[in-house]
1. How many residues, within the range 459-494, are of a type outside the set (S, T, N, Q) and either assigned by the TED database to the domain that holds Ser111 or free of Cβ contacts under 8 Å to residues at least 60 places away in the same chain (or both)?
2. Checking Tyr126 against (1) open to solvent by 20 Å² or more (accessible area, probe 1.4 Å); (2) without any contact (Cβ under 8 Å) to a residue 60 or more places away in the chain, which test does it fail?
3. Find the helices (runs of 4 or more DSSP H) located wholly in the range 244-299 whose residues include 3 or more that are more than 23 Å from the chain's Cα centre (by Cα) and not β-branched (Val, Ile, Thr), and list them.
4. From the residues in the range 420-466 that are in a helix (DSSP H, G or I) and of a type in the set (Phe, Trp, Tyr), which one is surrounded by the most Cβ atoms within 10 Å (Cβ to Cβ)?
5. Against the definition (modelled with pLDDT of 80 or more and either assigned by the TED database to the domain that holds Val237 or aliphatic (A, V, I, L, M) (or both)), how does Val90 come out, yes or no?
6. Counting just the residues of the range 485-518 that are under 30 Å from Tyr270 (Cα atoms) and polar (S, T, N, Q), which one comes out modelled with the lowest pLDDT?
7. Which residue out of Leu375, Leu367 is open to solvent by less than 20 Å² (accessible area, probe 1.4 Å), over 30 Å from Leu506 (Cα atoms) and modelled with pLDDT under 85?
8. Within the range 489-509, identify whether any single residue is assigned to a loop (DSSP other than H, G, I, E, B) and aliphatic (A, V, I, L, M), and answer yes or no.
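The values are calculated or read from the model by the stated rules, or taken from the named source; none is laboratory data. Because the structure is a prediction, the values reported are computed rather than measured. Note: ideal-geometry Cβ built from the backbone for every residue, glycine included; neighbour counts use all protein chains shown. The protein model used for the area step is the full one, side chains on, heavy atoms only, and it has no ligands, DNA or RNA in it. Shrake-Rupley method; radii C 1.70, N 1.55, O 1.52, S 1.80 Å.
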Amino acid sequence: MKPRRGGASRGYEEMDGANVPTYGGTRNGTSSGGPPSNDPSSPINNNNNNSVVGGGVPPEFELASVSVVPDDTFTVTQAVNALGFGWFQVKLSLCVGLCWMADSMEMTILSVLGPALHCDWGITRYQQALVTTVVFLGMMLSSTFWGHLSDRYGRKPALTLCGVLLFLYGLLSSVAPSFGWLLLLRGLVGFAIGCVPQSVTLYAEFLPTKQRAKCVVLLDCFWALGACFEVALALAVGPNLGWRWLLGLSAAPLFAFAVITPWLPESARYHVTSGQSDKALTTLEQIAKDNKRPMLLGRLVVEGPSGSRGSFKALLGSSLRRTTLLLWFIWMSCAFCYYGLVLMSTELFGGKNKTITPDTENDCHPLATTDYMDLLWTTLAEFPGIFATIYVIEKFGRKKTMALQFLFYAGCVLLITVTEVRVFLTIILFMARGVIAGLFQAAYVYTPEVYPTALRSVGVGGCSALARLGAMATPYIAQVLFQTSIWSAVSVYGFFAVCASVACMLLPYETRGTDMGQ
C-alpha cells in the first residue's frame, strides 16, 4: 500500500485511476463551474502549476495527484469493485465454505439415518420420512428469524450463534435415548441450519461484480465436498460403529466453524446501511491491506435510501412482490427436487434386492458397500455441475440458466422409469444430481443480487424458508410414494421442475453484470 500523503483524511490513500479529483471538486471527468479534467488547458492537468487547490493542499504537491477532495465520495460497491478479489476473499471463502460443508453433511446424513434407524429401532417408512421432515421444519421456521436477526444486528453475530447451536444440537443428537428425543434434537439442528444461507449473503457482499457469480457457484464445491465426505464417513463408520458415532463425528466441522466465527468480518454494506460508516471504513481498509491495493479517496456514503432494515413486509411491496413470490416458488421447487433426488438415490440403490410390502415393511435391509459407492458416485456429480453452471450462468444469464436446468432435471428424473439396469440408473442420477446442484447455486447467486442491502438477509431467509417447505414434503414422495409407484413419484418431480422453469422466465429482472443494490 502506498504511504499516506499529508493532508489525507483517515484511511484514504491515492489509488491510480480511481476517484481522481477534477476541477471544482467533482470526479469521473465532470466539473462544477470549471473546465473538464481532460482539457489539456485545464490547470488540473498542468503539472508545473503549484498553486493551492481546495484551500488546504500544500503547494509542493502536484495538482494532478492531489489526494483529498472534500466533495469526493464513494460507495461500498465502488470500493469492493476497485479493491478486487484477493487474499481477503480467499480467507472468507474458506470460512464460509466450512459452514457450507457442515450444512451439507447434516443434510446428506438424512439419506443414511433413515435406513439405519429402520434397522436399529424398527421405525416405519412414515417415521423415516418424519426424521427428514422435522429437520426441514426447523429450518423453515427459523429462516426468516435468522434473516431478520442478520439484517437487524449483523451477519456475524447470527452466524456465530448458528455455529454454536449447530455443534451443540448435532452432538446431543448422537446420544438421543429415544425416537422422540431424536426428533426434537434433529428439529433443533434444523432450526440452527436455517442461518447457514446468511453466510452466502455475507460472502456475496464482499465480492466484486465480475467475480460474484463465479465465486458463489464455486462455493458449492464445499457443499459437494461435505456430501462426499459424509458418504465416505458413513461407509467407514456406519457398518461397524453405528449411526450414533456417525452423528457425533459429523459434528466435527461444526465445532471448527464455531471456533473461527469470531474472526469473520462483518458486512461493510450492513455497517453503512445501519449508520456505522466508521466500522465499514475499517473493514474496507482491511480488504485493501489484505489484497495489497490502495484505499479509495473520499468519503464513504450510502448509495440511495436504505429503507426499512429487516422488514419482511417490504418483500411484498409493490416493487418486489412479483420477484419475491416467483423466487419463493423457485426455491421451494429447487429444494423439493434436490432432496427428493438424494432420497430417491438411497431408495433405488438400497431397494434393488428387496421388495417392500405392508407385511415386510419392518424387515431390516441395511445399505451395502456397493450402495454407498453408488451414492458416492452420484454425489461427485455436483462438481461437474458446478463448473458447467459457472460457464452457462455468465453466457446466458441467471434466469435462462435456472430455467434450462429445471427442464434438464425433469428429463433426467423421467428417464428413471425406463430402465432398471444399475449402471444406467447411476448415470441418470449422476446427470440429474449435477444439474440440480448447479441450479441451487444459481438461485443463491441471483437472490442476493436482486434484493437491496437493507432487505437482502431477510429476502434470502424468506426464500430459504419456502425451500424448506418443499424439502419437508419431499420425503413423502421420495420415500413413501416411491415405494408404491415409481412413475407417480418421478412424475411429481418432473411436473414441479417444469413449472419452476416457467417461473424462472417470468422473473422481472436479470442481474447478470449488475452491481448489488446498496
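1. Residues flagged as of a type outside the set (S, T, N, Q) and either assigned by the TED database to the domain that holds Ser111 or free of Cβ contacts under 8 Å to residues at least 60 places away in the same chain (or both) within the range 459-494 amount to 2.
2. Of (1) open to solvent by 20 Å² or more (accessible area, probe 1.4 Å); (2) without any contact (Cβ under 8 Å) to a residue 60 or more places away in the chain, only one is false for Tyr126: (2).
3. Correct list: 277-291.
4. The extreme case among them is Tyr446.
5. Yes; evaluated as a whole, the condition is true for this residue.
6. Only one residue fits best here, namely Gln518.
7. Leu375
8. For the range 489-509, residues assigned to a loop (DSSP other than H, G, I, E, B) and aliphatic (A, V, I, L, M): present.
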